[in-house]
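What follows is a set of notes on a single structure, which appears directly below.
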């Protein structure tokens, strides 16, 4: 009623009287609705009709802070404090200004003053905890949130924050002790059982984790997070069919997510039900076409089935989403080699190197493809680049030797071949596999036999 009356007044330019409570309700409504300009009008008119109202002035401070006019807010707070020095909201608003200015220690000082005057200690203690979090002072943050729990045992937000602090300090055993103590007093709290399960999961205590998640979903049969974590734990225990069943429960409780579809698919793949795995992977990428992991899992399952055409199609999908992923380019190159698409394989390997993938396998793969294509000068440059990283490696020397023999540079060919023998004689089969004409060369055969005799 008062809201309708106020908005009617604004339209007609008539001035109506509102009592203090009405103004407070109107202003809070506009602030919560994000209608700042109307809130400002209401504050202005309210202070004209009730100039001594501390609460209206505090609402004015809130508006200043929202508009980031912190100096004006601070000045007004100093005036309010003179009028009402024991008002906890003054110190809370001061702390907000401190926090926005990065002065977190000063914010804590003001919040501790507010704590003296407030009846709602949980909210202030929670704010103190948050300021300690900003300072990355996890121990004091945790102690503040623990005080919140002491006042209100069902303050689950503080419970989450306590566990977060333990996590940041990597004190998982201590976290478990705290949660178990909490559960002694509140045994039917599914949130606490869930958090206990997560801590045991981190410590790889999977059986204990599973027991905790069982309790969580027993207490709340609609607890989606509990079923998800229970399913993940069952995966770790290699109980894949049970994991699938728990993921499927979440589908009944809410719309399935791409993540859950993927997990189900991976479980089916683990128990070698590949058609079902493919079905769920496809559901995942249908749900979220930008989920590159889904495209990669489809790539791998077809690759392992020797269906390189489909593997090629799906790895291209993954690369469209993340073209800077060197693992995808490596897989791309491998697939193109299987399909005998050598120029495309070269592109893949070159993209790997461009992304600073200095894996030995990438260098060697590129050299071998370039050699097959007869691009020997390019192959030599790649080998020279590889040799700067991988020194005294026989596989590199044999390839140098093979290429130089093909280029009719026997001097360099024999030089590298002898170096390769010294590093690993048995690897001379590389010549037979990659450079068969060089391997069959009479001079090369003679050197291979002579070197073997000399080292026996």
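General remarks:
- Against the chain, whose longest principal axis is taken from its Cα atoms, helix 394-406 shows a tilt of about 50°.
- Placing a label point 7 Å from the Cα of residue 134 along the Cα-to-Cβ direction, the residues of the range 99-117 with a backbone N closer than 17 Å are 99-115.
- Alpha carbon centroid spacing (whole Å) that separates the range 240-279 from the range 402-436: 52
- Each listed q (0.20, 0.21, 0.27 Å⁻¹) maps to a log10 I(q)/I(0) for the range 408-453, found by the Debye formula over equal Cα scatterers with no solvent: -0.60, -0.67, -1.15.
- Per residue convex hull volume, Cα atoms of the range 89-153, in Å³: 64
- Taking N as its residue count, the alpha carbon Rg of the range 161-264 over 2.2 N^0.38 Å: 1.06
- Two-decimal log10 I(q)/I(0) for the range 359-456, as the Debye equation yields it once each C-alpha is a single scatterer, q = 0.13, 0.15, 0.17 Å⁻¹: -0.39, -0.52, -0.67
- Cβ-Cβ FRET estimate between residue 222 and residue 154, R0 fixed at 25 Å, reported to 0.05: 0.85
- Of the two radii for the range 255-357, the radius of gyration is 1.01 times the Kirkwood radius, both from the alpha carbons; that is the Rg over Rh value.
- Ranked by how many other beta carbons lie within 10 Å on average, peptides 188-196, 346-354 from highest: 188-196, 346-354
- The Cα-based radius of gyration and maximum Cα-Cα distance (Dmax) for the range 55-107 are 10.1, 28 Å.
- Our summary gives the chain a relative contact order of 4 percent, counting only alpha carbon pairs under 8 angstrom and 6 or more residues apart.
- The gain in end-to-end length when the residue 341 to residue 384 segment is fully stretched comes to 13.0 nm, 0.36 nm per residue minus the alpha carbon separation.
- Ordering 246-259, 210-223 by mean Cβ neighbour count within 10 Å, with the highest value first, yields 210-223, 246-259.
- Nearest 10 degrees, 0 to 90: helix 138-151 Cα axis against the chain principal axis: 50
- For the range 70-226, taking the reciprocal of the average inverse distance between every pair of different Cα atoms yields a Kirkwood hydrodynamic radius of 17.1 Å.
- Modelled spin-label separation between residue 86 and residue 259, with each label point placed 7 Å from Cα along the Cα-to-Cβ direction: 4.9 nm.
- Distance in nm between pseudo-label sites at residue 392 and residue 290 (7 Å out along the Cβ direction from Cα): 5.0
- Each residue, residue 452 and residue 75, gets one label point 7 Å from its Cα in the Cβ direction; the gap between the two is 9.6 nm.
- Degrees, to the nearest 10: 342-354 long Cα axis against longest axis of the chain: 50
- Were the residues from residue 310 through residue 52 laid out at 0.36 nm apart, the gain over their Cα-Cα distance would be 85.3 nm.
- Options (i) 57, 25, 21; (ii) 61, 29, 25; (iii) 68, 29, 25 - which one matches semi-axes √(5λ) of the Cα gyration tensor in Å as calculated here: (iii)
- With a Förster radius of 41 Å applied to the beta-carbon distance between residue 432 and residue 203, the computed FRET efficiency rounds to 0.20.
- Computed packing ranks the peptides 286-296, 113-123 as 286-296, 113-123, most packed first, by mean other Cβ atoms within 10 Å.
- For the range 246-356, the relative contact order works out to 16 percent when only alpha carbon pairs closer than 8 Å and six or more residues apart are counted.
Rule-based calculations on the coordinates, nothing more; no lab input. Only a predicted model underlies this, so the values are computations on that prediction, with no experimental measurement involved. Glycine gets a Cβ as well: all are built from the backbone with ideal geometry, and neighbour counts include every protein chain shown.
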